[in-house]
Each structure stands twice: as structure tokens, then as C-alpha cells.
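Below you'll find the structure, written out as C-alpha cells, and then a few comments.
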Amino acid sequence: MIHLKGIRKSYKTEFTSLEVLKGIDLSIEEGDFVSIMGSSGSGKSTLLNILGLLDEYDTGEYTLDGVLMKDLSQTQAALYRNQFLGFVFQSFNLLPFKSAKENVALPLYYKKIPRKIRQEKALEYLEKVGLKDWADHLPNQMSGGQQQRVAIARALISEPKVILADEPTGALDTQTSHDVMEIFKEVNKQGITIIIVTHEEDIAEMTNKVIRLKDGNMVTE
Amino acid sequence: MFDYDKWQEIFNTISKNKLRTFLTALGVFWGIFMLVVLMGAGSGFQNGVLAMFGGHAKNAMYVWTNRTTMPYDGLQAGRFTQITNDDIKAIENDLEDVLEYMSPRLYVPSTEVTYKNKGEAYEVRGDTPYLLKIDAIDLDQGRFINQKDMDDRRKVVVIGMEVAKNFFGKNKKEEAVDPIGQFIKIQGVDYLVVGVVASDRRGEDATEDNKSIFMPLTTAQQVTNRHGKIGWFVCTINTNYPVGLAENRIKTLLKKRHRVHPEDPRGVGTDNVEEELREIMGLFNGISFLVWFVGIGSLLFGIIGVGNIMLIVVKDRTKEIGIRKAMGATPRSIVSMILLESVFITTLAGYIGLVVSIGVVYLMKIAAGTDVQFFLNPQIDLKISLGALAMLIIAGALTGLVPAMQAANVNPVTALKDE
């Protein structure tokens, strides 16, 4: 599903150049449930952004579902994101002025799916995360765990091949974290590849494979 | 082309960010509102002042005589000159190329005019048929003096509206009578009323016209026993010829004929409407410059305001745009979203501004009515208003474009980090 070969990435400012990724080789197969671990500054978020086509890499090769992802235009990147990927963020990143249902339906809007079907599907996915009754609530009327579940429903609705989650439990307490992880497990059982960035050992333990990063390099297990 | 979904998305965003929308709209609204109201007020003022001239021919000039102040050609100063029929003929011959209409007048000394048992002192003038073409009076009923009246020195009169109302109007005792065909007495002589005229001027000038009685010049010359003599005359000059030039030619001619010193400031007096009009027109040019200056200024500020707000909006929405991009929004869809939003808001606000300002100008019109001097019938040039609106919308789109492009290029990673 995902193959990385010698991925390098550095952030350049006017005077300094900071190499964040120093040659990552990585394979993630379809249906994997992977966590990427590492301390702050190890490059794990950068790696996830590259995987999510939100950020570009300098050298190396990244193939997603057999397609080489290199030098994409913004429009192409948007297309692949919409087609292959679902995102879950630490700070949920729901649009504050849209209800839960509208937030979930948003990716389908960019897939040009008619409004009525969007609404129906959004309700269906909200039900999957157990929030059907909260469909018309705004994000600030919901708890952190509920918001994250809405975000997961939003990531799932475009039927992605891969879900990328950046510290999805970082803002949640232990119990809610475990609830959220349960949902990820359920999703994974349906064959969707899940990649989670975390620095919490107990979260990483719930995944099938752990990738550890240290100072921009992969640490062999 | 109409994308219902897109509009739904835009309405949704607009309605949930009311303050932002309101601030954007306010700048546009104010710009167009100020421009239109100023234009309306300016035109109202202009119409008001022009209406004081009424239907006066704008190319008319007046000529009269008075006492000389300089001795000349063996004649003493202080002599009174008198315009005659011969002078009129000489002028008509000499200025044939530029003269349009000529209407000499002779006043019949103030006297009581009576109809049955009613009597009042009115101004009685001997005039020619051409007066109707020159003076600010309109025929209301019947006919005006004609050439046959002139030739036959008929005892016919045309009366002003006030005169007609006073003599023939409805009052407590009597029903209204058709003035045409009635006889009124001037200096004990019967005159047949053949027409009624109404003044086209305003205020006191109108009252003066409406309280006048017009008879053929020849008749007036006869009844006052001043055969061939003229009190003064008014004439109009072809519009492509400067009135001032014609004025000088007539003055020189008359001075020569009456042996008045060419340098004498008196002796022959003239005046023309054109000069007066030119001065007032100069004032209007000033006012209209001011209107445009202020109007375009406020329009410009409206546009800058829209651009400014759009910049803030994009800043404000960086995170939202980041999320949308992560959800698969293409740069194009981001640009079109922000542009459509700005165009929609400017169009709507501009339209409301247009409607409200037209309403205000209409209220000004009603409030001023016809009684307020200097202000009449304010008008809005719809073409200019719509042009200004179009300009505002295009400018709104252009000023929205830069921030929209910026927004489209927002890196989702940075946008989402922006906590």
C-alpha cells in the first residue's frame, strides 16, 4: 500500500537547514494498523504529513497504492488526498460553524456528491461512531471525545484506503482514548489501513506494528 | 453554470459569520449610498436653480433705452432716446444672419381692468406673437396673439392665470365662466379675451407673469397714442452665435441711429440670460466636481475596505482552509469559494445601497416638492449608478483575488498547526 524509499526532508530557513528526516525506508501493507512513535522532534509528524500529501519531501520515493507521489501539483495532491486518505488530528480540526453532520459530509462535497446523499451518508457514519443523536450539534457543544469521533467519521466517509491520525488521543483522557482506539480497531477490521502517530506507549501497544523514529532515522525493532 | 451546492456552501458560511459579512457589506453599501445621494442632491439643486429661469430662452437678450450721460454729435447729455418700429426693422435687417425671434414690447400705463362689477389694477403689455417663443409662458387655453391681430390692431387680449381666476373663476356667489369669448374693460374700452397663459417660472416671477394682460403691440401703440414707438424689446439669437457678440452689434447700431456717444455707458441698455446662466453653470461645475470627488472617494474607500476585510477574512480562515484542503479541496475550489463570497456580498450590499439611496433621493424629492426654491426634482443617473455598482463588484472581486490566491496556496500543515 505505502512504500517509502530513502525519504529525506529538511526545513530550510535563511541561515540554517534542519534535516528532519534522514532517509526513511518503510513499507506498510494494506490492512496494517501501524503506530509511529518517537519523542518530540523525532520527525514523526513530518513523516505523517508527507504520507498525507500535506507536505513535500526532498529526495527519495513515495508510492501510494502503486502510484509514485512526487512533485504533485496542489490540485493533484488534493485529488489523491480526497481519493485515498482520511485525516484525524490531535486538535480535531472540525469547522466550528458547521454541525457534526455538516462536518462529516465535507469530504463528499469535494467529491462532488449530491447534497442529499451527502447528508444520508453523514448520518450513517455518525451512527457508526455512536453519535447519530448529536448530528445537529456544533463542535463546541460536544466533549473532546465526541469531537474526535466526529472527526473519525469525517475521515471514514470518503471511504479512504488509509487513515492517518496525528496524536488522535493527545487531547483526550485515558478512558476516551481507549474508546477512540476501539473505533480505530473496528475500522481496521474492515480492511482500512491505519497509521497513528503517538508518543503514548499504551496507545502504540494497541496497534499491530510499531515504527520508532529517533532524530530523523528509523530505529530497528 | 449554476452550482447549487457551491452556493449552499457559501450561504452557509456567510450566515454563520454575520459580523464579518456585515463589515464587508457596510463599506460597499456606504460607498454606493453616498455617491447616489450626492448625485441626487446635486441634480436637485441644479434643477431647482434652472427652474427659476423657467422656459426662458437661454439665448435671449433684452434691450432698452435710457438717458444719455455724454454729449455727442452736438447733442446734450441727459437726452432720452426712444426705440421705434424703424429701429426694430433696422436690427432685423442688420442681424438677419443671427437673429432668431424678436419681440418688442410697449407697456400700457398701469390702469384698472374691469369685468362686470370686478376690477383690479393689472399690468397691461403690448406684445408680439413671438413672445410665446421667447418668454417663460405657456398657453393654457385659447390662443395667443397672432399676426392678424397685429395687422388689424384688434382689441383682443390674452390674460394670465391669476387674472382669469380672479375674473372668471368660481367664487362664493358665481360659478366659473369660460374666459374665452368674454369681454373685459381696459380704460373703458372692451377687449375680447382670446387666450389664457400660465407662467413657467417659479415664485414671485410666476405671480408677476400670471397677473399680466397681453394685447397686440400695435393695439397698445394705438391706445397709448405712441404710434411706432417701442418700450423695449427682447430677442433670441441663433444658438451657434455668441449672444454677447450680437448684443454688441445691436448696441452699436442703436447708438449710431440715435446719435449716442459710442463710449456712453448709458443711453442704450442691454442684458442677456446667457451671461447669468454661464455664471450659474460655473457654480454647478464646482458642485458637480465636489459630488464626484466625494462620491468617488467614498467609493474608493468602500473598495479598499472590501479588499482589507477580504485579507483579514483569509487570515481568519487560514485554519478552515487548511482543513478543507486536507479534506480534498483543490486550490481552485478555495479561490472560487472566497471570490464568490466576496462578489456575492458586494453585489448584494451594493444593490441594497442603490435601492436605499434611491429611496432617500425620492424622499428628498417629496419633501422638497415644488415649494422649495433652489431644489427641484432630484434625479439619479441610473447608468452612472449601475456603472459605479459594477465597478465596485469588479473591484471587490479583484481585491478579493489576491487574498484568495494566497489562501489557496496555504500549506495545510502550517494552517493546521496554527492553533
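The values are calculated or read from the model by the stated rules, or taken from the named source; none is laboratory data. Computed from a predicted model, the values in this text were never measured in an experiment. Here the Cβ positions follow ideal geometry from the backbone for every residue, glycine too, while neighbour counts run over all protein chains shown. Side chains are part of the model used for accessible areas, which takes the heavy atoms of the whole protein and leaves out ligands, DNA and RNA. Shrake-Rupley method; radii C 1.70, N 1.55, O 1.52, S 1.80 Å.
Report, as an integer, the average count of C-beta atoms from other chains found within 10 Å of each Cβ along A:72-82.
Mean shielding by partner chains, rounded to a whole number: 5.
Against the longest alpha carbon principal axis of chain B, how many degrees, from 0 to 90 and to the nearest 10, is the axis of helix B:331-368 turned? The angle comes out near 30 degrees. Relative to the Cα centre, the charge distribution of chain B, modelled as +1 at Lys and Arg Cβ and -1 at Asp and Glu Cβ, gives a dipole magnitude of about 680 debye.
Express the carbon and sulfur contribution to the solvent-accessible surface of region B:282-348 as a percent, rounded to the nearest whole number, probe 1.4 angstrom. On region B:282-348, the fraction of accessible area on carbon and sulfur atoms equals 78 percent. Ordering B:THR318, B:MET281, B:PHE80 by Cα displacement along the dipole of the protein assembly as shown toward the positive end leaves B:PHE80 in first place; charges were set at the Cβ atoms of Lys, Arg (+1) and Asp, Glu (-1). About its Cα centre, the dipole of the protein assembly as shown is roughly 1120 debye, where the only charges are +1 on Lys and Arg Cβ and -1 on Asp and Glu Cβ.
With a cut-off of 8 Å between alpha carbons and a minimum separation of six or more residues, what is the relative contact order of region B:176-275 in percent? RCO, region B:176-275: 12 percent. Heavy-atom surface analysis with a 1.4 Å probe gives chain A a carbon and sulfur content of 48 percent of its accessible area. When all protein chains stay in place and ligands, DNA and RNA are ignored, the 1.4 Å accessible-area order of A:LYS22, B:LYS256, largest first, is B:LYS256, A:LYS22.
Residue by residue along A:106-114, Cβ atoms of other protein chains within 10 Å of the local Cβ number 4 on average. Most mobile of A:THR63, A:THR75, A:THR174 per a Gaussian network model of chain A (Cα springs, under 10 Å)? Between A:THR63, A:THR75, A:THR174, it is A:THR75 that shows the largest mean-square fluctuation. Each Cα pair under 8 Å and six or more residues apart adds its separation to the average, and for region B:104-227 the resulting relative contact order is 36 percent.
Roughly what angle does helix B:85-94 make with the longest principal axis of chain B, taking Cα atoms, 0 to 90 degrees, to the nearest 10? The answer is roughly 50 degrees. Spacing of the modelled spin labels on A:ASP71 and A:GLU120, each 7 Å from Cα toward Cβ, amounts to 4.4 nm. The modelled label-to-label distance for the pair B:VAL355/A:ASP58, using points 7 Å beyond Cα in the direction of Cβ, is 5.9 nm.
In this simple spin-label approximation, B:LEU19 and A:GLN190 carry label points 7 Å from Cα along the Cα→Cβ vector, and these lie 4.0 nm apart.
Among the listed pairs B:LYS133/B:LYS256; A:LYS112/B:LYS18; A:LYS161/A:LYS209; B:LYS58/B:LYS255; A:LYS128/B:LYS16, a Cα-Cα separation exceeding 21 Å is found for B:LYS133/B:LYS256; A:LYS112/B:LYS18; B:LYS58/B:LYS255; A:LYS128/B:LYS16. Calculate how steeply helix B:243-257 sits against the longest principal axis of the alpha-carbon atoms of chain B, using the helix alpha-carbon long axis, and give the answer as 0 to 90 degrees to the nearest 10. Computed tilt is about 10 degrees. Assuming a ≥ b ≥ c are the square roots of the Cα gyration tensor eigenvalues, decide whether region B:167-220 counts as rounded (a/c under 1.5), prolate (otherwise, with a/b larger than b/c) or oblate. Oblate.
Mind checking how much accessible area A and B bury in total, 1.4 Å probe, in Å² rounded to 100? Roughly 2400 Å². Quick check: the distance between the Cα centres of region A:115-154 and region A:1-70, to the nearest angstrom? Spelled out, the Cα-based centre of one part sits 31 Å from the other.
The mean accessible area for residues of chain A, using a 1.4 Å probe and ignoring ligands and nucleic acids, is 45 Å² per residue.
Over chain B, accessible surface divided per residue gives 50 Å², non-protein components excluded, 1.4 Å probe. The aspartates and glutamates whose alpha-carbon is closer than 13 Å to the alpha-carbon of A:LYS101, local same-chain residues fewer than 8 away aside, are A:GLU120, A:GLU124, A:GLU127, A:ASP133, A:ASP136. What shape does region B:190-284 have by the C-alpha gyration tensor, where a ≥ b ≥ c are the square roots of the eigenvalues, rounded means a/c under 1.5, and otherwise prolate means a/b greater than b/c and oblate the rest? Oblate, since a/c reaches 1.5 and b/c is not below a/b. With all protein chains in place and a 1.4 Å probe, the accessible surface of region B:104-227 carries 46 percent carbon and sulfur. Taking the Cα centre of chain A as reference, the dipole from Cβ charges on Lys and Arg (+1) and Asp and Glu (-1) amounts to some 800 debye.
Centre-to-centre separation between the Cα atoms of region B:12-87 and those of region B:106-157: 31 Å. If you run the Gaussian network model on chain B, springs between alpha carbon atoms under 10 Å, then out of B:ALA329, B:ALA367, B:ALA51 the most flexible one is B:ALA329.
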